[in-house]
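Trainee: If you scroll down you'll find the structure; I have some questions about it.
Just so it is clear, none of the values below were taken in a lab; they were calculated from the coordinates. Values in this document were obtained by computation on a predicted structure and should not be read as measured data. Glycine gets a Cβ as well: all are built from the backbone with ideal geometry, and neighbour counts include every protein chain shown.
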Amino acid sequence: MKQENNAGGRPGLIGRRDLIAMVGTTAVAWPLAARAQERALPLIGFLNGGAADRSKGFLVGIPRGLNEMGFVEGRNFAAEYRWADDHLDRLPALAADLVRRRVTVIVTGGGPQPALAAKAATSTIPIVFFVGSDPVKTGLVSRYNRPGSNLTGFNFMIGELEGKRVGLLHELVPTAGMIAALCDPHGSGAARILAEVAGAAKSLGLELVTVNASDPAQFDAAFAQAEHARAGAMLVTAVGSSQ
């Protein structure tokens, strides 16, 4: 695999353009002529742990990247979308359904859970994941330089960077002994990311209050809660608003 700016610069997992190209070319080429006879268009399965109305990046960004590579839904590939709507217990059944439909590749988003569900459902269909947590620690791949099995993907390193962002906030506002963390409690990986924030705050001797907002209509109440707690600064976490 070509080694680009992937997984924090670690080799093995593929870069953005290679990733989009893989989704498209896998959909076209995978794997046998028998499948082409059974279905007019190759089928891409999209699996997400969140809700469609909060996943504009997933719905817009990936198709746009595919279009740039010459792949257009309805023309040279078909798509099946499955959403868990934040009910992660639904993911195994959704992944199994995509496998039964004999998709040519599964693209997952909304955290590591969809990718883990897809991994458990098939060992042969290629799986391309987009995650914000370490794919080795979460058990998606065995190592960065040799992912192994039928998975590859992109790590945005969200969790790894939250602690550094707390440190930067402390440098910017050193007089703030209490900080607020704005978070969408329904967002992907919210609990894990908040744990990273809490750990970083504790190491710096800071108090932390978490304020929640799942949509813009809740921002005013969240800011008022932070002010009431006498927070001197606010960190907008990676799940600080609906995505």
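Trainee: Go through THR175, GLN218, SER203 and say which Cα lies farthest out towards the positive end of the charge dipole of region 159-236; charges sit on Cβ, +1 for Lys and Arg, -1 for Asp and Glu.
Mentor: Among THR175, GLN218, SER203, the one farthest towards the positive end of the dipole of region 159-236 is SER203.
Trainee: For a quick protection proxy, order the peptides 141-153, 67-79, 100-112 by their average other-Cβ count within 10 Å, most packed first.
Mentor: 100-112, 141-153, 67-79
Trainee: For LEU182, what residues show an amide H to amide H distance below 5 Å, using hydrogens built from the backbone and excluding near sequence neighbours?
Mentor: VAL211, LEU235, VAL236, THR237
Trainee: With 10 angstrom as the radius, rank PHE154, PHE219 by how many other C-beta atoms surround their C-beta, starting from the fewest.
Mentor: Fewest-to-most Cβ neighbours within 10 Å comes out as PHE219, PHE154.
Trainee: Under unit Cβ charges (Lys, Arg +1; Asp, Glu -1), what dipole magnitude, rounded to 20 debye, does region 159-236 have relative to its Cα centre?
Mentor: The calculated dipole for region 159-236 is roughly 200 debye.
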